[in-house]
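Inspection log for the structure reproduced underneath, given as structure tokens.
The values are calculated or read from the model by the stated rules, or taken from the named source; none is laboratory data. Since the model is a prediction, treat every value here as computed from it, not as a measurement. Here the Cβ is made from the backbone with ideal geometry for all residues, glycine too, and neighbour counts use every protein chain on show. The protein model used for the area step is the full one, side chains on, heavy atoms only, and it has no ligands, DNA or RNA in it. Shrake-Rupley method; radii C 1.70, N 1.55, O 1.52, S 1.80 Å.
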Amino acid sequence: YPMCAKKMKEETTIVNSLMPMVSDKKSMFGSNDLFQATRLDAMTAVTNLDGTINVSKPVAKDALKSFKMCLDASLKGSKFAGTTWAPLVTLIPLSKLSNNPEMQSVFGELKFVNSLVRPLSTSDTLSEQAAAMQCLANLTNDKQCLSSMREAKYNVAALCTNRLSCPHSKLIAEY
């Protein structure tokens, strides 16, 4: 909620508590998926509070790896940190993070396009498809991401122009 986020941003203790979790290389339990999920939650909270996240590129890259692992696990229907996650849990904050020009090159380095295209062809919920589409739209500003989107194996153009005979392509073309 915007009013709550405004109050929380004014209280710097919250951001000061979350940023060490985002920046940490590994927790006292190691760099297992439970730690990755904690970092994912912390980065989601900071992203929701600030709209953009001002962290160094190496820290952003590590945090985005956590997002990618969670998204990939959720798209396969497998567990991440002992829990089954919905793809939307990561796609919403990713749509905000992908809008940050400083973060876009990190998406390219981590080859996020493959992970973002999969919800377009496999998800049955329009909200997941819309969030994935928003991420891809934001990432067209990055040359590496854009060239990945043009690769035939991802079928982005076919999905978006209803040239595939699947209900997903029709929904996305309408969107």
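Whether a residue is buried (at least 18 other Cβ atoms within 10 Å of the Cβ) and either assigned to a strand (DSSP E or B) or touching a Phe, Trp or Tyr at 6+ places or on another chain (Cβ under 8 Å) (or both) was assessed, and LEU64 passes this test. Annotation: ASN99 fulfils all but one of (1) in a loop (DSSP other than H, G, I, E, B); (2) modelled with pLDDT under 85; the unmet one is (2). Of all residues in the stretch 137-152, those that are at pLDDT below 90 have Cβ atoms under 9 Å from Cβ atoms of residues that are of a type in the set (Asp, Glu), 6 or more apart or on another chain, in GLN144/GLU109. When you check LEU94 against the structure, is it within 17 Å of ALA63 (Cα to Cα), in contact with a Cys (Cβ under 6 Å, 6 or more places away or on another chain), open to solvent by less than 10 Å² (accessible area, probe 1.4 Å) and in contact (Cβ under 8 Å) with a residue 24 or more places away in the chain, yes or no? Here the answer is yes, as LEU94 does meet what is asked. Return the residues of the stretch 76-91 that are exposed (fewer than 12 other Cβ atoms within 10 Å of the Cβ) and in a helix (DSSP H, G or I); say none if nothing qualifies. Residue satisfying the conditions is LYS76 alone.
Total residues in the stretch 10-67 satisfying the condition of being touching a strand residue (DSSP E or B) at 6+ places or on another chain (Cβ under 8 Å) and at pLDDT below 75: the figure is 1.
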